[in-house]
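Structure, as structure tokens:
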Amino acid sequence: MEEFNGILQMLKDLFPNQMTLDKKEVSGVMGISLSTLDNYIARGYKLPKYIKMGNSKNSVVRFNIVDVAKFLANAQVKVYE
């Protein structure tokens, strides 16, 4: 839970006054290219929940900032000693 809160705060600091993020913003915080994110969406890979506004290939896609934070918190690599 602590990780999630830290990541959510970081996202809120990076994107003040935003409740949703676009694909470019999400690809940036995930550390992947926009084309890779597009491929993941097209292939149905596990991603944060998103809303696609329309049916065309170029429809707007938005991600809720809380869902992105949850995804990133769960995707953290765990190191065991």
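Quick note: the coordinates plus some simple rules give every number you see, no bench work behind them. Owing to the predicted nature of the structure, the values given are computational and were not obtained by experimental measurement. Positions of Cβ are backbone-derived with ideal geometry, glycine not excepted, and every protein chain shown enters the neighbour counts.
Below is a table of values for the structure above.
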quantity	calculated
Pairs, first under 10 Å from VAL68 (Cα atoms) in region 15-36, second surrounded by 13 or more Cβ atoms within 10 Å (Cβ to Cβ) and among the β-branched types (Val, Ile, Thr), C-beta under 7 Å, six or more apart	THR20/ILE65; LEU21/ILE65; LEU21/VAL68; VAL26/VAL68; VAL29/VAL68
Every residue from region 5-25 that is of a type outside the set (A, V, I, L, M, F, W, C), in a helix (DSSP H, G or I) and surrounded by 16 or more Cβ atoms within 10 Å (Cβ to Cβ)	LYS23, GLU25
Among the residues listed as ALA73, ALA42, the single one being surrounded by fewer than 17 Cβ atoms within 10 Å (Cβ to Cβ), small (Gly, Ala, Ser) and touching a helix residue (DSSP H, G or I) at 6+ places or on another chain (Cβ under 7 Å)	ALA73
Selection count where residues are more than 24 Å from GLN18 (Cα to Cα) and assigned to a loop (DSSP other than H, G, I, E, B), scope region 34-64	5
Restricting region 45-68 to residues that are of a type in the set (A, V, I, L, M, F, W, C) and farther than 17 Å from ASN5 by Cα, the residue that is surrounded by the most Cβ atoms within 10 Å (Cβ to Cβ)	PHE63
Residue tally, condition among the charged types (D, E, K, R), over 16 Å from LEU8 (Cα atoms) and in contact (Cβ under 8 Å) with a residue 12 or more places away in the chain, over region 47-72	1
